[in-house]
Every structure is written in C-alpha cells, then in structure tokens.
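The values are calculated or read from the model by the stated rules, or taken from the named source; none is laboratory data. What you see is a predicted model; the values in this text were computed from it and never measured. Virtual Cβ from ideal backbone geometry, glycine too; neighbours counted across all protein chains shown.
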Amino acid sequence: MTGVIETDSLTRSFGDRLAVDRLDLRAEAGDIFGLLGPNGAGKTTTIRMLTTLLTPSSGAARICGFDVSREPGAVRRRIGYVMQSVPWQVNRLLRAREIVEIEAALHHVPQRVRRERVDEALDLLGLLPHADRLIGEFSGGMHKRLDLACGLLHRPELLVLDEPTLGLDVQSRHRIWDYILGLRDEGVTVLLATNYLDEADRLCNRLTIMDNGRSVVSGSPAELKHAVAADVIQVATSSPERLRDAIAHEPWVKNTILTDSNEVHIYVKDASQALPAVMSLSLANDLGLERVTYTQPSLDDVFLLHTGRELRDLEVGA
Amino acid sequence: MAGRVISRDATSSAQTAPGTRASGSACAEWREEVAALTRRWFLQLVRERLNLLLSVTQPAIWLVFFGSALGRTIDRDVIGTSNYVGFMLAGVIAFTVVTNTVTGAMPMLWDKETGYLDKLLSMPIARSSLIVSRFLFQFVLGTAQVLLVFVVAVATSVDVASGVLGGVAILAIAGLLSMALTALSTALAYRVPSHGTFFAIMGVVTLTVVFLSNAFVPLDSMPPWMMIVARLNPLTYAIEAMRILVLEGWDVTVMRALIVLGLFAGGSLAVGAFEFRRHTGERTR
C-alpha cells in the first residue's frame, strides 16, 4: 500500500542554507497530517516541493505514488493547494462565483457537474450568499474560505493547507477548523502546515514537528505528549537556576528545562505528589516562588523537550 | 458547516483513476484553460469602466490631439503630404501598440509578485495557456483600438488609399508588432527582480523606441546617425508599411515589412518562451 505522501531524505537548499534537510514523511489515505514548527522551520519549502513548485535539491517525494520531479503533471491533478497568503488583490474586481468557476475550469472539472460543484463549494464554506459580490469587498476570513472552497472543487486526493488560519480572528478560525474536521469525516487526506499548537493538536491524527529544516519528532499528538512525561510543573521564580539545581537529582524528577521566559519546567510522573516536594525543597533552599502551576503536557512541551526552545516564544518573536 | 457531506459522485472516481484525464483530450483541456484565463483578463477589464474606456479610445484621442494641435505647425514639404492626420495614423497605431505592451505585461508581473502565478502553476494546466491567454486578450483589445482609430481617421479626413483590404493588412502589421513587443515585455516581466526595475526599463525603452523611429518624423528629415538607428528599429518597418497603405496604396515595401516583422515576432516569441521556461523551470524541471 503506497502512502498519499512519501518523502525520502527530501532536501532543499538555497545557496548554502539548508531550508529542508533530509526529511522523511509518510501520510496515509484519510490522515490529517500536520507539519508543526515555528516560522522558518521549512514547512512552506516542503509544501512547495510537494506541490511541484520547487525542485528538490536531493532526495525524492511522491504524491499518490507519483514523483514530484518526474511526473509533476500527475501530481498536480491529484492535489488541491491552499496557499498561506491568498493573493486575492489580483482578482479584486472579480465576483466570488467567477473565481470559483475559473478555477473549476482550470482544474478541468467536467462541464456537466461544474455548476453543481461550484455551488456546493461556495455553500460548504458559507459563501453562497456572497457569491455575487466582488472579492475586493471580502474580509480576510472570507478570502481564506473562498480559497478553501476552490481547493476542493476537483475532489483532490490530497488537500494541502499552508497555515489556513494564520492571522484570522477566533470565529473564522473555528469555522475553518470545523470545515477541516468535516473533511476528516469524509476521508479526505489533508496536509496541514501550522505553527499553532492548538490547531495541530485538535485537527491532526499524525504530526511531524519541524525545526531548522529537520524533522524533530513524528507521531500522533497523543503519542508525542505521552512520551514527554505524565505531567509538567511550571515554576516561576526569581532564581530559576538555583531551583533547577536543587531538584534536578530528586528521584521523582524525570527532566527539568529552563525556558526562555525564565520558568523551570519540571517533568514528573504525578504532579499531585511532586508539588508538595517542590514547595518544601524551595523553602529549604530559601527560594521565593512567584507562581506554580501544573498541566498535562502540551505539544509545546514536546517541542521544548526536543529542541530546548519554546514554540510559543518563537511565535511571539516572529 | 461541520459535518456537511461532500457528495462523491461517479465522476470523482473516474477522475481519480490513475493515468486518466478528467475530461476530453489534452487539446480540449488546453482550450478550456485558455478560455478560463482569458475570461479572467476580460472580466478585470470590463469591471474598470474608466480603464476600458481609455484603453479603447486612447489611440483615437492621440490622433485627434496630434492631428488638430500639431497639424498646423508641421511643414508639409517635410512630411511629404498635405494630410497630416493620414501621416500620423501609422505613428499613432504604432505608439498605441508600444504603450499596450507595458500595460499588457503588467498583470503578468502582478501575478508573479503576489504569488498567484504559483497557485496557477500548481494546477494541472499547460504553461503555454498562461501566455496564450494574455496574447489573445491583447490581440482583441488591440484590434478594437485600431478599428476605432481607423473609424475616427476616416470620419475626419483620411481616405485610405489601399482600401478595405489595406485596412486588414494594417491590422495584421499591428498584430505582428504587438505580438513581438508583448513577448519581449513579458520576458522582461519574468526576468526582473521586481516591478520597479520593470517600469524603469520600460520607461526608457518605450520612449526611445518610439522617438528613434519614423512615428512622428519621416526618415529623410532625420540626421544621418538617427536614420541608421531608425532603420534598425522594427517599429520603423511597421510604420513605413502602414503609412504607405494609408497614403499611397499597395507597394512592395508592405511585403518587406511583413517579412521583417514576422522574423522579429518569431525571435521575440522565442526569447519570451525561453524566459518563461527559465522562470518556471525551477519548479517544473
């Protein structure tokens, strides 16, 4: 059984900078496959290679068994691609329906079902009432939804979504999430690139976390979080290094990480037992605690564990 | 929106069978692509009424402006005819064709810079349909302009010596010139790093090409160096032939111009195709 996406040491360099470095991905039919990573991790470069817009420097990638470099035409017939930023300005004088009709023709949707498909796509994303408006009047969320509508017109075997909710308001995000979850129920294979942890956690059944062009770790969100530890205790203190040194060698501590935001993250098996111990060790060492919280591990902890950096900070910094 | 069903009909399974094409032959698909992309260009044009109006009437406006304002100041012995509007007609058509090539390549430049070209390139379409659709659009727009300027010229004072057939020949000459120049400006649009360079180059080149031709001044009255340069300018051949068709009738010069312009258009198309392939080759190799 061939996967929908298969890459083999997929690599792309620009000059001497390695944007994507020996990436191995595998997504099966029906997967919502996530590429999670900070900006500049190589997600878009990967997607550009998978959508035949960029030739790999070395390695190979196959979509539905077709090589992206040798059989780009066959690949293009099987994918729908929704770009990160929708270049709507070039079409601002067109009506929403006209754009969908034009894209349907470019994807060679058979004439006899074209009208029906166009209506269906617009309806699915709640744009039917706005079908005859010029898209220059649309909001950011509507542009994105229009692009998503176009992505599915030709019933692609793989839908590629590059940061589908980047810069959108909460309401639009939830709307698009619902849509992607609907696709999962339909069995459409989706490749979803995102730098939002909650998005990846909520939508994807398989994930590859990327950083600096490399695959950091792969698995289902549950597996990845399970591998971190049972619980994470986050301690804010004025002297994080001293706290870490004080507790690092305790037998109930699995791992400690000093974050960029000057917190100590303590990975433990059971937070309810470990919390009193953290408190008493802090008192014994005369360390002032500002805040102590504990959480189930998130994908942020997974990223932190594997890269030593916090994805949230990178998001803010970007 | 959630939970809505995407109907899976018989066509979708036929479409996704390995190696099969969605509908019809490659040729039918190509026509479909060109039609869809051309529709996009025309929709953009008709939605901007002022743009549409000025695009189509521009050469007629030039003719009236030059004809009435400059006509009186021109020495008839220099231009060799008493009909200045008739003399100007060929120059105005050529000038329009040159102006069109700048505005004609602009949308290609925007598509490239905004990333819409990438979206198009990720679709199962022939690369040539992107270029051909624009050529088709330019051709229709150019024809409309030339027809209008003809009507205005004939209505005012010009009697086309070569008759209706000569009018068709003038359209053909303008078409060849337009094809050649559009190919070159499209090549430049794909070549340049950004639109700033494109407009800087086009600003210098278009005016130079027009003024170093016989658009407004006959070759005989130019200084020798300028005459040599103008003789190497394809625009000169187009204008010369169109002018003779208007003022004198059929002549062997017309044949010569068609050959020169045919060669020029062929060469330009080759350059355009090469640049387009170079720009997209990175992706499609």
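Here is a yes/no grid of residues against (1) part of a helix (DSSP H, G or I); (2) within 14 Å of chain A (Cβ to nearest Cβ); (3) within 22 Å of B:Leu54 (Cα to Cα); (4) touching a residue at least 24 places away in the same chain (Cβ under 8 Å):
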residue: B:Pro107; (1), (2), (3), (4): yes, yes, yes, yes
residue: B:Ile131; (1), (2), (3), (4): yes, no, no, yes
residue: B:Val158; (1), (2), (3), (4): no, no, no, yes
residue: B:Val164; (1), (2), (3), (4): yes, no, no, no
residue: B:Leu181; (1), (2), (3), (4): yes, no, yes, yes
residue: B:Ala200; (1), (2), (3), (4): yes, no, no, no
residue: B:Val205; (1), (2), (3), (4): yes, no, no, no
residue: B:Thr208; (1), (2), (3), (4): yes, no, no, no
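Quick one: what pairs do we get from the range A:51-64, first residue facing chain B (nearest Cβ under 7 Å), second among the small types (Gly, Ala, Ser) and crowded, with 20+ Cβ neighbours inside 10 Å, C-beta under 8 Å, 6+ apart or different chains?
Here the result reads A:Thr51/B:Ser122; A:Thr52/B:Ser122; A:Leu53/B:Ser122, each pair linking the range A:51-64 to a residue that is among the small types (Gly, Ala, Ser) and crowded, with 20+ Cβ neighbours inside 10 Å.
So, of the residues in the range A:77-100 that are more than 8 Å from chain B (Cβ to nearest Cβ) and of a type in the set (D, E, K, R), which turns out to be surrounded by the fewest Cβ atoms within 10 Å (Cβ to Cβ)?
The residue in question is A:Arg92.
All but one of (1) over 24 Å from A:Arg77 (Cα atoms); (2) free of Cβ contacts under 8 Å to residues at least 24 places away in the same chain hold for A:Leu166; which doesn't?
Going through the list (1) over 24 Å from A:Arg77 (Cα atoms); (2) free of Cβ contacts under 8 Å to residues at least 24 places away in the same chain, A:Leu166 breaks only (2).
Please verify whether B:Ser268 is over 19 Å from B:Ala169 (Cβ atoms), crowded, with 18+ Cβ neighbours inside 10 Å and of a type outside the set (Val, Ile, Thr), treating the condition exactly as stated.
Against the criterion (over 19 Å from B:Ala169 (Cβ atoms), crowded, with 18+ Cβ neighbours inside 10 Å and of a type outside the set (Val, Ile, Thr)), B:Ser268 qualifies.
Identify, please: which residue in the range A:260-305 is closer than 30 Å to A:Gly34 by Cβ and of a type in the set (Ser, Thr, Tyr) and is, among those, surrounded by the most Cβ atoms within 10 Å (Cβ to Cβ)?
Result: A:Tyr267.
Take the range B:3-34 and flag every residue that is in contact with a helix residue (DSSP H, G or I) (Cβ under 7 Å, 6 or more places away or on another chain) and at pLDDT 50 or above.
B:Trp30, B:Glu32, B:Glu33, B:Val34
In the range B:87-107, which residues are of a type in the set (A, V, I, L, M), more than 28 Å from B:Leu245 (Cα to Cα) and surrounded by fewer than 22 Cβ atoms within 10 Å (Cβ to Cβ)?
Once the filter is applied, which keeps residues that are of a type in the set (A, V, I, L, M), more than 28 Å from B:Leu245 (Cα to Cα) and surrounded by fewer than 22 Cβ atoms within 10 Å (Cβ to Cβ), the range B:87-107 yields only B:Met106.
Restricting attention to the range A:218-231, and to residues there that are out of contact with any Leu (no Cβ under 8 Å at 6 or more places or on another chain) and at pLDDT 85 or above, which single residue is nearest to A:Gln296 (Cα to Cα)?
A:Ala222
Which of (1) surrounded by fewer than 20 Cβ atoms within 10 Å (Cβ to Cβ); (2) within 14 Å of chain A (Cβ to nearest Cβ); (3) at negative phi does B:Ile74 not meet, given it meets every other one?
Single failed check for B:Ile74: (2).
Taking into account only those residues within the range A:146-173 that are assigned to a helix (DSSP H, G or I) and over 25 Å from A:Gly40 (Cα atoms), which is nearest to the other protein chains (Cβ to nearest Cβ)?
A:Cys150
Tell me, please, whether a residue that is assigned to a helix (DSSP H, G or I) and within 24 Å of B:Thr81 (Cβ to Cβ) can be found in the range B:266-274.
Checked the range B:266-274: no residue is assigned to a helix (DSSP H, G or I) and within 24 Å of B:Thr81 (Cβ to Cβ).
Residues to consider are A:Gly213, A:Gly182, A:Gly187; find the one that is more than 14 Å from chain B (Cβ to nearest Cβ) and more than 14 Å from the chain's Cα centre (by Cα).
A:Gly213
Just one of A:Gly140, A:Gly30, A:Gly34 is surrounded by fewer than 17 Cβ atoms within 10 Å (Cβ to Cβ), under 17 Å from the mean Cα position of the chain (by Cα) and either of a type in the set (Ser, Thr, Tyr) or more than 12 Å from chain B (Cβ to nearest Cβ) (or both); which is it?
A:Gly30
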